[in-house]
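The values are calculated or read from the model by the stated rules, or taken from the named source; none is laboratory data. Given the structure is predicted, the values throughout are model-derived calculations rather than measurements. Reconstructed Cβ throughout: ideal geometry from the backbone, glycine too, with neighbour counts over all protein chains shown. Heads up: the accessible areas ignore ligands, DNA and RNA and are worked out on the full protein's heavy atoms, side chains in. Shrake-Rupley method; radii C 1.70, N 1.55, O 1.52, S 1.80 Å.
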Amino acid sequence: MKIAVAGTGYVGLVTGVCLAEKGHSVSCVDIDDRKVALMSSGISPIYEPGLEELMVKNMDRLNFTTNYKEAYKEADVIFIGVGTPEKPDGSANLSYVNAVALQIAESIEKDCVVVIKSTVPVGTNDKIEDLIKVNLFHNVKVSIASNPEFLSQGTAVRDTLNASRIVIGVEEPHAGEILSDVYKDFGAPILVTNRKSAEMIKYASNDFLALKISFINEIANLCEIIGADIEDVALGMGYDSRIGNKFLNSGIGYGGSCFPKDTKALHWLANFHDHELKTIKAAIDVNENQKLKLIKKSRKYFDSLKGLNVAVLGLTFKPGTDDLREAPSLVNIPILLEDGANVKAWDPVGIENFEKLFPENITYSTSIEDTLKDADVCFIFTEWDEVKDFDLSNYSILMRNPIILDGRNCYDLTSANKAKIVYDSIGRETINNLEVSLV
Ligand code: NAD
């Protein structure tokens with residue numbers, strides 16, 4: 001089957017490469033010349049474990065281009081995987097999806113199925129169908145299908161090749177048959193439903209996960225106050241299969257390109273229909289506060305961070321990705337700088353992107369040791385393995401004042417108790433082996 005994919009971001013490129021791995025011939029389209037040149041020479045423009053290797057392996061079935069007309073004109077199936085970022089009012093910006101729809105209408109010369117993989121508000125597939133049909137250049141039959149994506153950044157290739165489910169939303173059975181055929185070798189359960197239900201499955205799934213994170217963070221905050229331990233609480237909850245043990249890690253809140261925008265978009269959609277989603281609103285509010293949790297903790301130790309050396313470990317919104325979208329570091333680091341701190345930051349893959357946003361006033365470091373040297377306090381924003389594997393006893397050797405504020409609970413309290421440090425994490429007892437007096 002001839003397949004085209006519009007957009008080569010985290011979703012589009014992973015989709016294209018995994019479809020090629022399953023034997024399809026795939027043309028990946030992007031408007032970014034630089035990205036297309038990189039991909040054509042076998043380099044992935046994004047960091048995603050295993051992606052570049054799989055791309056290189058399937059190069060004979062992959063084509064990368066900015067020439068959308070060539071890519072779309074004879075395709076049997078065209079996936080749309082462009083961004084749907086948040087607008088200032090919280091609704092989804094559909095301008096990229098609409099632009100691709102018009103390009104498809106202009107280009108297709110044979111019957112095809114257009115598949116919307118981007119996360120779009122309920123009802124968008126219907127609007128895209130109208131937009132394409134009204135603007136068709138050639139006399140062809142086009143069907144629109146919703147096929148939301150559930151991959152997680154950092155494990156995107158694995159998630160796609162071992163998908164928990166494939167959701168296909170169609171209004172015409174033959175489009176469902178074609179898409180089921182595209183996915184026949186993925187070995188995942190396929191749910192065929194109508195388009196609005198498929199669109200809703202995506203938002204409901206993401207918003208439920210965001211809600212689970214905000215719930216455990218609220219419980220963690222209460223644990224800190226009353227002296228319970230959130231790690232044990234989460235463990236005890238997770239044994240119950242009705243609850244499950246995933247997404248029960250407390251921390252400084254969710255980030256990334258999906259949960260923040262998808263919670264806001266569903267909330268906006270409900271409001272638009274005079275309906276209030278109280279649980280989703282609560283998840284959003286809790287998350288906004290949670291992102292500032294470490295700054296609030298730092299006030300226990302310092303009146304001000306002016307002139308202090310602040311070590312930052314982790315910039316990306318989670319490990320395994322170079323993506324900074326909605327990362328807690330983006331909210332916290334400007335506060336540290338505003339407070340007059342000397343910020344030194346480390347991240348194994350996120351520095352290049354962070355430096356584009358903050359080219360000045362931050363010292364970027366290539367090692368954890370160097371970042372911690374002579375620091376007065378350390379903020380951990382991302383639970384990279386390199387941080388988790390870094391021996392806690394090193395903090396007291398390297399830092400001038402080994403106060404560690406851990407927003408991701410990277411260390412267990414038994415190890416923390418053996419080190420000459422202050423270790424203040426989320427939802428757990430604070431270890432104060434320096435007998436630092438609180439402000
Ligand atoms: P992204 O920003 O990483 O990539 C979008 C790409 O589309 C960019 O490379 C951009 O240059 C390209 N593009 C823009 N206009 C184009 C056009 N007219 N033709 C071709 N390419 C064009 O986005 P992403 O993170 O991959 O997300 C894409 C969609 O998938 C969003 O709706 C998102 O909500 C959804 N989604 C994302 C994830 C995730 O983890 N990132 C997971 C599930 C669903």
> Is it the case that Ser152 is over 19 Å from Thr124 (Cα atoms) and either within 16 Å of the ligand (Cβ to nearest atom) or open to solvent by 40 Å² or more (accessible area, probe 1.4 Å) (or both)?
Replying inline: yes
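Inside the range 130-144, can you point out the residues that are open to solvent by less than 20 Å² (accessible area, probe 1.4 Å) and either within 15 Å of the ligand (Cβ to nearest atom) or part of a loop (DSSP other than H, G, I, E, B) (or both)?
Going through the range 130-144, the residues open to solvent by less than 20 Å² (accessible area, probe 1.4 Å) turn out to be 132, 142-144.
Matches in the range 130-144: Ile132 only.
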>> Here is a list: Val122, Val97, Val170. Which entry is open to solvent by less than 50 Å² (accessible area, probe 1.4 Å) and closer than 18 Å to Gly12 by Cβ?
In response: Val97
> Going by the conditions given, is Lys110 within 14 Å of the ligand (Cβ to nearest atom), basic (Lys, Arg), out of contact with any Phe, Trp or Tyr (no Cβ under 8 Å at 6 or more places or on another chain) and not assigned by TED's automatic domain parsing to the domain that holds Asp322?
Replying inline: no
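Going by the conditions given, is Glu48 of a type in the set (Asp, Glu), surrounded by fewer than 17 Cβ atoms within 10 Å (Cβ to Cβ) and in contact with a helix residue (DSSP H, G or I) (Cβ under 6 Å, 6 or more places away or on another chain)?
Values: of a type in the set (Asp, Glu): yes; surrounded by fewer than 17 Cβ atoms within 10 Å (Cβ to Cβ): no; in contact with a helix residue (DSSP H, G or I) (Cβ under 6 Å, 6 or more places away or on another chain): yes.
It is false that Glu48 is of a type in the set (Asp, Glu), surrounded by fewer than 17 Cβ atoms within 10 Å (Cβ to Cβ) and in contact with a helix residue (DSSP H, G or I) (Cβ under 6 Å, 6 or more places away or on another chain).
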> Being over 21 Å from the mean Cα position of the chain (by Cα) and either under 18 Å from Gly255 (Cβ atoms) or assigned by TED's automatic domain parsing to the domain that holds Ser250 (or both), is that true of even one residue in the range 398-409?
Replying inline: yes
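May I ask you to say which residue of Val11, Val17 is closer than 18 Å to Val82 by Cβ, more than 10 Å from the ligand (Cβ to nearest atom) and of a type in the set (A, V, I, L, M)? Steps first, answer last, please.
Values: Val11 fails: more than 10 Å from the ligand (Cβ to nearest atom).
Answer to the selection: Val17.
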> Does Met39 satisfy the criteria of being open to solvent by less than 50 Å² (accessible area, probe 1.4 Å), farther than 17 Å from Ala145 by Cβ and within 12 Å of the ligand (Cβ to nearest atom)?
Replying inline: yes
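Looking at this structure, is Gly90 more than 13 Å from the ligand (Cβ to nearest atom) and at pLDDT below 95?
On the way: more than 13 Å from the ligand (Cβ to nearest atom): yes; at pLDDT below 95: yes.
Answer is yes for this residue.
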